[in-house]
1. Identify the GluC sites (Glu not before Pro) of the range 99-151 meeting these criteria: DSSP loop state and at most 16 other C-beta atoms within 10 Å of the C-beta.
2. Specify whether the C-alpha gyration tensor of the range 1-90 places it in the rounded, prolate or oblate class, a ≥ b ≥ c being the square roots of the eigenvalues: rounded for a/c under 1.5, otherwise prolate if a/b is larger than b/c and oblate if not.
3. Equivalent-ellipsoid semi-axes (√(5λ), Cα gyration tensor) for the range 127-204, whole Å, largest first?
4. Rounded to a whole number, what is D in µm²/s for the chain from Stokes-Einstein with the Kirkwood radius over alpha-carbon pairs (4 °C, 1.567 mPa s)?
5. In percent, how large is the relative contact order of the chain, given Cα pairs closer than 8 Å and 6 or more residues apart?
6. Could you compute how fast the range 270-382 diffuses translationally, taking Rh as the Kirkwood radius over C-alpha pairs and applying Stokes-Einstein at 25 °C with viscosity 0.890 mPa s? Give it in µm² per second.
7. So what's the angle, to the nearest 10 degrees on a 0 to 90 scale, between helix 278-287 and the longest Cα principal axis of the chain?
8. If I fit a long axis through the Cα atoms of helix 75-92 and take the longest principal axis of the Cα atoms of the chain, what angle between them do I get, 0 to 90°, rounded to 10?
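Laboratory data are not the source of any read-out in this text; all were calculated from the coordinates shown. From a predicted model like this one, the values you see are computed outputs, not experimental measurements. Don't worry about glycine lacking a Cβ; one is built from the backbone with ideal geometry, like all the others, and counts go over all protein chains shown.
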Amino acid sequence: MPAFPEIDRIAYEGPASKNPLAYRWYNEDEVIEGQTMKDHLRFAVVYWHTFRGTGADPFGSPTMVRPWEDGTDSVENAINRARVAFEFMEKLGAPYYAFHDRDVAPEGETLAESNKNFDAVAAVLKEEQERTGIKLLWGTANMFSNPRYMHGAATSCNADAFAYAASQVKKCLEVTKELGGENYVFWGGREGYQCQFNTDMKRELDHLGKFFHMAIDYANEIGFNGTFLIEPKPKEPTKHQYDSDAAACINFLRAYELTDRFKLNIETNHATLAGHTMMHELDYAGHQDLLGSIDANTGDLMLGWDTDQFPTNFYLTAEIMLMLLKFGGIAPGGVNFDAKVRRESFEPIDLFHAHVGGMDAFARGLRIAAEIRIDGELAAFVTDRYSSWDSGIGAEIEADKADFKSLEAYMLEKAEILPNQSGRQEMLEHLINRYI
Ligand code: XLS
Ligand code: NI
Ligand code: NI
């Protein structure tokens, strides 16, 4: 029996549609900049918020009404839920999904039992993938919920926690490979500290580097060729997370010689928690050629934690899409909705409203970004702004034909420089609004 009998496949109805369960901007087969919208956006649904989110918060109990759940933590319930998840994604028209090992299958009494549960559900996931053509964007291991990880996983003070985490990642890599996963993510929720007085930071970071090398070695051994992704986040649940932002992650990847195989999965709400915009984080990772995928959500600027809301702001999605287009697209990553419905939006239908709105906001962002690029005014402004580097002394500096002595000689002759150009910030912000 279908879980959403009243919902058909969500259709593209165009900008004039007033149907809330239709796409006004996301027309998956429409070609923009030489590629279909589907291939540009590579939307993914997350299993954890969408199918495991309960609506509980630190002050209140679960609120979500999910008629397909039988209330147990059984494998049978997990399998039934997997069928529901695929019905949902199929009706939405989402080409990808992502999970943590413990979202899809219940944790057992022992590692062996957990692995067995995971295999049983993975077999159904595979069947559903084959039935629907929906693919796995990435897998990841949950190394933050269980109390064994209270001090961290790879960065724990307890070597046994490292060993357990390694075993969990080993299994999750095997399953991700079996399901054709295109990437594998590490979000270091507890890889950080609460108290520096009890922390040997150097030792913890060395262990983290070692852990990632072991992951690469094992992936090579089993023939998993997907990209590894680190997901920056500055805090929550820890006071300080080692993967605090794109720049910190990249520094870590370089220091531990991991850039051959690792890239970043950048999340909007994590960027803002780090005091950056999403655009900043994407630009930083992108120009270092380390942009791998994005977790598409948004925070609430009134709140200081990871609210993981669905993105609806065209301004934000246009900025993100400008960056993705600038760096040649997001594949083999995707636009992954690491976002949850509010606890007051407790009905199953709200899952559709949330995703349809998020996908459409990104589709609109893609259209806006493409128009800005076709018109070329913004790019021309930036090119012109740096034109002093295209000839004369600027070109000499860039071509390594200058040194401090030659620059001094040049300046002594020239005597002074003039502030020759306005930054035109207000004009450009106004220009962007033309397209929104
Ligand atoms: C939490 C993270 C998490 C990762 C996957 O803040 O965003 O959901 O995406 O472990
Ligand atoms: Ni998050
Ligand atoms: Ni995330």
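1. Working: sites: GLU107, GLU109, GLU113, GLU127, GLU128, GLU130; in loops: GLU107, GLU109.
The qualifying sites are GLU109.
2. Values: a/c = 2.12, a/b = 2.03, b/c = 1.04.
Prolate, because a/c is 1.5 or more and a/b exceeds b/c.
3. On the way: eigenvalues 194, 25, 18 Å².
Equivalent-ellipsoid dimensions as semi-axes: 31, 11, 9 Å.
4. Details: Rh = 23.4 Å.
Result for D is 55 µm²/s.
5. On the way: 701 pairs, mean separation 67.5, N = 436.
Relative contact order, the chain: 15 percent.
6. Values: Rh = 14.9 Å.
The estimated diffusion coefficient comes to 165 µm²/s.
7. The two axes meet at around 70 degrees.
8. It works out to around 50 degrees.
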